[in-house]
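One structure is given below, encoded as structure tokens.
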Amino acid sequence: TSAALTLLGGSVATLAVWKWLGKKMIQKKMEEARRTRDEGLKKMAKAVQQFREQVPSVQTDAILSLPLLELTARLREGSLSPRTVLYTYLEKVSALEVTQQTNCLRHFIPECEEQLQEIQQHEEKGLLYGIPVSIKDHIGHKGHLATCGLVQGLGTLMGEDSVLVKVLKKQGAIPFAMTNVPQSLFSYDCSNPIFGRTLNPFNPQKSPGGSSGGEGALIAGGGSILGIGSDIGGSIRLPSSFCGLCGLKPTAQRLRWVLALPCQPCSSSGLAKGTEFPCALGPMARDVDSLALCMKALLCQEMFQLDPTVPPIPFNEEVYSSHTPLRVGYYDTDGYCPLPPCMRRAVRDTRRALQAAGHQLVPFSPPRIPYVMTELFLKSLFADGGRAWLDVFTGDIVDPGLKPQVNSCKIPRLVKKLLALLLKPLQFLLLLLKLKDVAVISTCRSVKEMWNHHHQIQLYRSQFITLWKELHLDVVLCPVLGPAFTMGYPGKLLTAISSTMLYNVLNFPAGVVPVSTVTEADEEELKLYKGCCDDPWDRTLKQAVSGAVGMPVAVQCVALPWQEELCLRFMKEVETLSRDQ
């Protein structure tokens with residue numbers, strides 16, 4: 001017996017040492033990654049200093065204030081040089097004005113100087129000639145990591161540029177920075193154990209949104225004029241809402257995704273692998289014209305030749321430039337997640353402005369959002385009970401913001417079912433019930449059940465389009481989640497993303513436009529907010545958005561699949577009217 005106890009004690013001690021060594025190895029990898037990033041920032045600062053010594057008279061503020069369309073015009077006519085513009089933006093970032101305040105940068109791309117030389121040798125100037133562009137962490141760039149905020153993503157450098165980066169370069173753009181993301185991309189906050197937490201440039205107590213939160217913070221902070229994000233549940237639109245930017249989630253197949261990423265969660269966009277909701281790449285910028293120019297540049301022969309699976313549909317300038325009155329469906333609540341008063345006000349104010357401008361406004365009610373949220377969207381992502389997602393954390397430290405979801409996925413399936421049975425009759429903490437998508441949602445237990453689940457998604461899409469067509473709608477105006485949440489709250493309110501999630505399930509193009517800011521009156525009205533039932537979940541949402549006076553308030557604009565130009569045209573109309581107001 002004593003020998004057995006000794007053996008057991010020795011085994012436990014060995015296991016403890018093994019775990020300790022593993023943790024030390026993880027810490028070492030993370031420290032090395034942070035050191036590499038910091039060295040890159042120092043290189044950037046040194047290059048900027050050398051440029052400043054050579055060209056001391058650059059009007060930095062004047063260049064940084066130029067809208068993208070005006071900047072491209074100046075570059076093409078030669079009144080500004082690509083070198084001056086690049087180093088002006090590098091200075092904004094490397095002076096730590098943006099990075100120190102927000103921690104938005106994951107890595108500086110030193111090859112931007114090579115690309116600068118390359119574009120100056122081009123006979124033909126592309127549509128994005130000389131424009132510095134930032135890209136999200138997991139969009140592949142040759143010689144750089146695609147981490148998804150995970151330690152397992154630190155081991156392998158990309159062997160080649162992704163299709164999207166190749167096309168950007170072909171059009172004369174200069175990718176210069178990769179931006180921070182939440183761990184595994186599965187969050188609309190922006191924090192990971194390797195590179196830390198990204199903050200909102202307007203208020204350091206608030207989140208920039210996610211998962212394209214680094215992009216949101218960098219562009220809103222003035223450190224980039226154009227960025228590329230990705231979206232599978234709102235990851236372009238939520239940072240745009242939280243940071244006061246314009247952002248477009250196209251139909252998922254309109255732009256090429258990424259090539260052969262070394263990190264499995266990146267290549268599958270975390271939970272997206274095998275679901276009916278492919279990840280969409282899209283632009284983020286300060287105005288709608290910038291998004292349209294980016295789409296026009298990307299939807300070119302180079303894109304179609306590099307990836308024949310992308311439909312060869314060039315950008316339709318005629319649709320984008322049209323001034324024909326639109327028939328606009330609208331709603332200010334989806335019946336699932338009651339949004340704060342300021343977000344609903346934004347829809348109402350925009351509706352009145354559109355009506356006054358001659359557009360026809362039609363009430364529209366999206367059908368069965370609770371069913372879509374739990375039975376279609378989250379059941380798809382967690383069809384295997386979250387096992388594939390848990391696998392990406394193997395040999396990693398879980399970010400605190402993700403621990404509730406990770407722990408929920410670890411609960412045995414039988415226990416989850418028992419919890420669902422016990423909690424529902426008691427109406428115990430709606431917070432838990434609204435998180436049933438993670439904690440107690442049913443999974444697809446067979447291939448047949450999975451096929452049936454995919455059929456239900458297609459059926460819902462058909463029913464939604466039928467309803468849209470019956471009302472003869474061109475576009476839809478609706479709310480988006482906001483204003484920016486206080487740090488840490490996105491992890492507590494996973495299912496609050498119903499406003500954006502819907503259009504990933506439908507695979508409709510959807511964009512966000514800032515139209516206002518939170519007023520003192522909005523904050524006073526928030527004190528009366530009760531949500532659905534004034535329960536713990538509703539009170540948590542109220543806490544998340546409080547203290548946001550002056551923060552951006554946005555609306556969402558939606559069109560049918562493959563109608564990105566119409567969606568952008570509608571976004572432009574909303575932007576123009578909100579600026580007039």
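The values are calculated or read from the model by the stated rules, or taken from the named source; none is laboratory data. If you're wondering where the values come from, they're calculated on a predicted model, not measured in any experiment. Please note: Cβ atoms are built from the backbone with ideal geometry, for glycine as well, and neighbour counts cover all protein chains shown. Accessible surface is based on the protein model in full, side chains and every heavy atom, while ligands, DNA and RNA are left aside. Shrake-Rupley method; radii C 1.70, N 1.55, O 1.52, S 1.80 Å.
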(request) At 1.4 Å probe size, with no ligands or nucleic acids counted, give the accessible surface of Glu77 in Å², nearest ten. (result) 130 Å²
(request) Could you run the Karplus curve 6.51 cos²θ - 1.76 cosθ + 1.60 with θ = phi - 60° over region 174-181 and give me ³J(HN,Hα) per residue in whole Hz, x for Gly and Pro? (result) 10, x, 10, 8, 10, 10, 6, 9
(request) Would you kindly find the accessible area of Glu111, with a 1.4 Å probe and non-protein molecules such as ligands, DNA and RNA excluded, rounding to the nearest 10 Å²? (result) 50 Å²
(request) Name the residue farthest towards the positive end of the dipole of the chain from the options Met44, Met25, Phe108, assuming +1 on Cβ of Lys and Arg, -1 on Cβ of Asp and Glu, about the Cα centre. (result) Met25
(message) Please report the antiparallel percentage of DSSP beta bridges with both residues in region 321-580, rounded to the nearest 5.
(response) 60 percent
(request) Output the DSSP H helices from the chain with an along-axis C-alpha extent of no less than 30 Å and a mean Kyte-Doolittle hydropathy no less than -1.0. (result) 2-54, 447-470
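Tell me which trypsin sites (Lys or Arg not before Pro) from region 270-350 have a DSSP coil assignment and no more than 15 other beta carbons within 10 Å of their own. Show your work: numbers first, answer last.
Details: sites: Lys273, Arg286, Lys296, Arg327, Arg344, Arg345, Arg348; in loops: Lys273, Arg286.
Answer in residue order: Lys273.
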(message) Just to make sure I understand: if all protein chains stay in place, what is the order of Leu157, Leu402 by accessible area at 1.4 Å, largest first?
(response) Leu157, Leu402
(request) Starting from region 499-581, pick out the trypsin sites (Lys or Arg not before Pro) whose DSSP state is loop and whose Cβ has at most 12 other Cβ atoms within 10 Å. (result) Lys527, Lys530
(request) Under 1.5 on a/c is rounded, so check that first for the chain, then, if it is not, pick prolate when a/b is larger than b/c and oblate when it is not; a ≥ b ≥ c are the square roots of the alpha carbon gyration tensor eigenvalues. (result) oblate
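Before anything else, pin down the relative contact order of the chain: Cα pairs under 8 Å, at least 6 apart, normalised by residue count, whole percent. Intermediate results must be reported in sequence, preceding the final value.
Numbers: 1170 pairs, mean separation 89.3, N = 581.
Across the chain, relative contact order equals 15 percent.
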(message) Quick one: 3J(HN,Hα) in Hz for region 128-142, Karplus 6.51/-1.76/1.60 with θ = phi - 60°, rounded, Gly and Pro as x.
(response) 10, 3, x, 8, x, 10, 9, 10, 5, 2, 8, 8, x, 10, 3
(request) Quickly work out the Gln581-to-Glu160 label distance, labels modelled 7 Å from Cα along the C-beta direction, and quote it in nm with one decimal. (result) 4.8 nm
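For the chain, with every protein chain kept in place, what is the accessible area per residue (1.4 Å probe, Å²)? All intermediate terms of the calculation are to be shown ahead of the outcome.
Working: 23240 Å² over 581 residues.
I get 40 Å² per residue for the chain.
Once you sort the root eigenvalues of the Cα gyration tensor of region 488-581 as a ≥ b ≥ c, which label holds: rounded (a/c under 1.5), prolate (a/b larger than b/c) or oblate (the other case)? Could the numbers behind the result be given before it?
Details: a/c = 2.96, a/b = 1.41, b/c = 2.11.
Oblate, because a/c is 1.5 or more while a/b does not exceed b/c.
I'd like the carbon and sulfur percentage of the solvent accessible area for the chain, probe radius 1.4 Å, heavy atoms only, ligands and nucleic acids excluded. Spell out each step's value before the answer.
On the way: 13030 of 23240 Å².
Reported share for carbon and sulfur atoms: 56 percent.
Is there a quick way to get the dipole size of the chain? I mean about its Cα centre, with the Cβ of Lys and Arg at +1 and of Asp and Glu at -1; what is the value in debye to the nearest 20? Spell out each step's value before the answer.
Working: 61 positive and 54 negative charges, 380 e Å.
I would put it at about 1820 debye.
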(request) Determine the dipole magnitude for region 277-418: charges of +1 sit on the beta-carbon of Lys and Arg, -1 on that of Asp and Glu, nothing else is charged, the reference point is the Cα centre, and the result goes in debye to the nearest 20. (result) 880 debye
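My understanding is that a pair violates if its Cα-Cα distance is over 32 Å; which of Lys29/Lys142; Lys296/Lys492; Lys169/Lys249; Lys249/Lys492 do that in this structure? Mind dumping the intermediate values first?
On the way: Lys29/Lys142 21 Å; Lys296/Lys492 38 Å; Lys169/Lys249 21 Å; Lys249/Lys492 25 Å.
Lys296/Lys492, as the Cα separations exceed 32 Å there.
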(request) Please work out whether region 529-581 counts as rounded, prolate or oblate from its C-alpha gyration tensor, where a ≥ b ≥ c are the square roots of the eigenvalues and a/c under 1.5 means rounded, while otherwise a/b larger than b/c means prolate and anything else oblate? (result) oblate
(request) Kindly provide the Kirkwood hydrodynamic radius of region 321-580 in Å, to one decimal, from all pairs of distinct alpha carbon atoms. (result) 19.8 Å
